[in-house]
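Read the structure below first, then the notes.
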Amino acid sequence: MNPLLQLKNVRKDIGKKTIIHDLSLEVFAGEVFGFLGPNGAGKTTTIRMIVGLMGITSGEVLINGISIQKDFEKAIQHVGAIVENPEMYKFLTGYQNLLHYARMTKGVTKERIDEVVQLVGLEKRIHDKVKTYSLGMRQRLGLAQALLHRPSLLILDEPTNGLDPAGIREIRDYLRKLAKEEGLGIIVSSHLLSEMEMMCDRFAIIQHGRLVGIESVQELSKQAQKVLLTVEPVEQALTVIKNAYPHMNVTPAKQGIEVSLDYEEIPNLNAALVSEHIKVYGIQVLTKSLEERFLEMTGGNEIV
Amino acid sequence: MSSIFSLIQNENMKIYRRFGTWFMIGLLALATLAGALIIKATHKEPENWKAEVASEIKRMEAELSEEKLPKMYKNYLKQQLKINEYRLEHNIKPVAPNTFWGYLVDSADIIALITLFTIIVAAGSVASEFSWGTIKLLLIRPASRTKILLSKYIAALLFALCMLLLLFIFSAVVGAAVFGIENIREPYLAYQNGAVVERSMLFHVVQVYALNCADLVMMATFAFMISAVFRNHSLAIGLATFALFVGPQVTALLAMKFDWAKYLLFANTNLTQYIDGTPLVEGMTMSFSLMMLLVYFVIFNGIAWLIFRKRDIAA
């Protein structure tokens, strides 16, 4: 499958400082791709380079195989985006704002505008001036302008910012639907890690302008698990585990013993303990959350 | 790919959907009305216009007999003299400010106000998109930056054109209402190829308006450039209005001492100097000024384009 978006060794220098170091990644149709990183890591700069707002010092950004630098107009017509806050013309109505963007792309009809308005649930207020909108309504209008021209790549910077829990859930479900049913590639950046975990298929973690890692949420749950064993007597149990799994990482914890092992191995370990007459009171799987993984990868000493 | 017409339509929407624009139009209407009422209240009709013209002819003849007059000014005096003689011969009253046509010609002075308004609109056109943050959503559409900048520039000039038309219409309506239209058939006397000819007054008014526009276009272009380069609305308005009001004075002072002053922008923006008066520096001609204006025009727009096209949008 050809990637929808391809970043090839993208680098950005501002003055003598390198802001982004040789970033390469691919986003495919039908997936929601998360963009994570502490403040100032270069997320927004990367997004700005993808949509052509900032020049690229070296490397290449390809959208549907078309270079954003060499053929901007052709490459960008498949992209819908919100870059940072959805800033609109406040003295115009929501509808006039959409009309403004509709005129800039060929083939966006009045019917399409109405359709998008309905989609984001703004029918009642669309003819009011944007200055009377709440942040959540502006966010919805921002999403509407990004979807107007039926893009194949959607880039959303903090799309749930300012929405209430119901709104967040609605947008999340809608984005997942767009990816699964209409095959859009969606890039989302957010500082709400739990949010990202529920929304994304894969995510990239960026720090100091470098790609720290790309992981899929699926892989994350399959990774070696931490299991908390509540056993008695502890000393004896430790010997049993060390004998059975000599290479395993075992740490005695306050509540019991913490071990890292694959999901499938849990019953075997349990059997080994029981056969040695150790009392097993509980086996608790501690799944690694995106947050932990994020802190682990970025060193954990910076605010997201 | 978006067409330039849709882009201009968008820019127009952003200009005319704002309260400020309508406030400016209101001010323009007010200015024409106030101007007419002031003229009506203060203007004194000469008792005998023939005697006045005759005395003016005498004054000009006296002045012409002096030796040291600059050649251009001498020519100008001679022409005026011929025109005045023609008036007496054919019994054509000079155009007074308190007539329909007289008021229309004078209303061209209000173009300075339009220049100021156009500076405000042109300066805001690029800078506001940055301060609103809307530039980001504007530049991620299938429209090149060149096209977007061009559409903004054209929209600003269309605004100026629209204001000029409104000024003409307001002045005509106010002039007709306040001064009446009895003298509407009055001709305009011009001096052409050694003879006095009668011309249509409408043609003359259009000519005066057009000549007054050089300032307007150049200052709007200047403000537009500052706006595109510095992305700052107030700075662009400030610099352009400062230049508009101080530039001509400074240029006039320089022109008294230095010949090279003729290459300065403001030595060339006042095109009416070639129609009724003497050029700032001797030897300057209409075509020289038009060439100079073109050079400045290309420089201003070139700088705006070069910088806007390559700029990183980090707003």
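The values are calculated or read from the model by the stated rules, or taken from the named source; none is laboratory data. From a predicted model like this one, the values you see are computed outputs, not experimental measurements. Reconstructed Cβ throughout: ideal geometry from the backbone, glycine too, with neighbour counts over all protein chains shown. Surface areas here come from the heavy atoms of the whole protein model, side chains and all, with no ligands, DNA or RNA. Shrake-Rupley method; radii C 1.70, N 1.55, O 1.52, S 1.80 Å.
Cross-link partners of A:Lys180 among aspartates and glutamates, defined as those whose alpha carbon lies under 17 angstrom from its own and excluding same-chain residues fewer than eight positions apart: A:Glu31, A:Glu170, A:Glu197, A:Asp201. Within the shell defined by Cβ-Cβ distances under 13 Å, the residues around A:Ile82 carry a net charge of 0, with Lys and Arg each +1 and Asp and Glu each -1. Note on surface exposure: A:Asp262, A:Asp157, A:Asp13 rank A:Asp262, A:Asp13, A:Asp157 by accessible area, highest first, 1.4 Å probe.
Under 28 Å of direct C-alpha separation, and excluding same-chain neighbours fewer than eight residues apart, B:Lys93 reaches these lysines: B:Lys40, B:Lys44, B:Lys50, B:Lys58, B:Lys74, B:Lys78, B:Lys82.
Please check chain B for the longest run free of GluC sites (Glu not before Pro) that are loop-located per DSSP (anything but H, G, I, E, B) and have at most 16 other Cβ atoms within 10 Å.
Longest stretch, sites excluded: B:68-181.
When chain A is treated as a Gaussian network with alpha carbon springs shorter than 10 Å, the biggest mean-square fluctuation among A:Val227, A:Val27, A:Val61 belongs to A:Val227. The calculated FRET efficiency for the pair B:Lys78 and B:Leu150, based on their C-beta separation and a Förster distance of 56 Å, comes to about 0.75. Over 18 Å apart at the Cα level, from the set A:Lys90/B:Lys147; A:Lys43/B:Lys147; A:Lys131/B:Lys14; A:Lys70/B:Lys310, are A:Lys90/B:Lys147; A:Lys43/B:Lys147. Computed over chain B, relative contact order equals 23 percent, with contacts defined as Cα pairs under 8 Å that lie 6+ residues apart. Averaged over the residues of peptide A:140-150, the number of Cβ atoms from other protein chains lying within 10 Å of each residue's Cβ is 1. Counting Lys and Arg as +1 and Asp and Glu as -1 over every other residue whose Cβ lies under 15 Å from the Cβ of B:Ile25, the net charge comes to +2.
Charged neighbours of B:Tyr188, selected by a Cβ distance under 11 Å, balance to -1 (K, R count +1; D, E count -1).
With contacts taken as Cα pairs under 8 Å at a separation of at least 6 residues, region A:5-215 carries a relative contact order of 32 percent. Placing pseudo-labels 7 Å out from each Cα toward the beta carbon at A:Ile266 and A:Leu135 gives an inter-label distance of 3.9 nm. Residue-wise HN-Hα couplings along region A:92-101, as the Karplus relation 6.51 cos²θ - 1.76 cosθ + 1.60 with θ = phi - 60° gives them from phi, are 9, 7, x, 5, 5, 4, 5, 4, 4, 6 Hz; Gly and Pro carry x. Starting from the Cα of A:Lys106, draw a straight line to each of the aspartates and glutamates and keep only those under 15 Å, dropping any in the same chain fewer than 8 residues away. A:Lys106 reaches A:Glu73. Rounded to the nearest 10 degrees, the angle from helix A:165-182 to the longest Cα principal axis of chain A is 80 degrees. Of B:Ser151, B:Ser65, B:Ser107, the residue with the greatest mean-square motion in the GNM of chain B, using alpha carbon springs below 10 Å, is B:Ser65. With both labels modelled 7 Å from their Cα along Cα-to-Cβ, the B:Val197 to A:Glu296 distance reads 9.2 nm.
Which residue fluctuates most in the GNM of chain A (Cα springs below 10 Å): A:Glu60, A:Glu111, A:Glu292? In this elastic network of chain A, the residue with the biggest mean-square fluctuation among A:Glu60, A:Glu111, A:Glu292 is A:Glu111.
Within 10 Å of the Cβ of each residue in A:83-90, the mean number of Cβ atoms contributed by other protein chains is 5.
What's the extension gain from A:Arg176 to A:Met1 if we count 0.36 nm per residue and subtract their Cα-Cα distance?
Values: separation 175, 0.36 × 175 = 63.00 nm, distance 1.98 nm.
So the chain would gain 61.0 nm between A:Arg176 and A:Met1.
Working note: 222 nm ellipticity from helices only, DSSP H runs with n ≥ 4, each -39,500 (n - 2.57), summed and divided by the residues of chain A, gives -10000 deg cm²/dmol to the nearest 500. Annotation: extensible slack from A:Glu60 through A:Glu111 equals 14.7 nm (criterion: 0.36 nm per residue apart, minus Cα-Cα distance).
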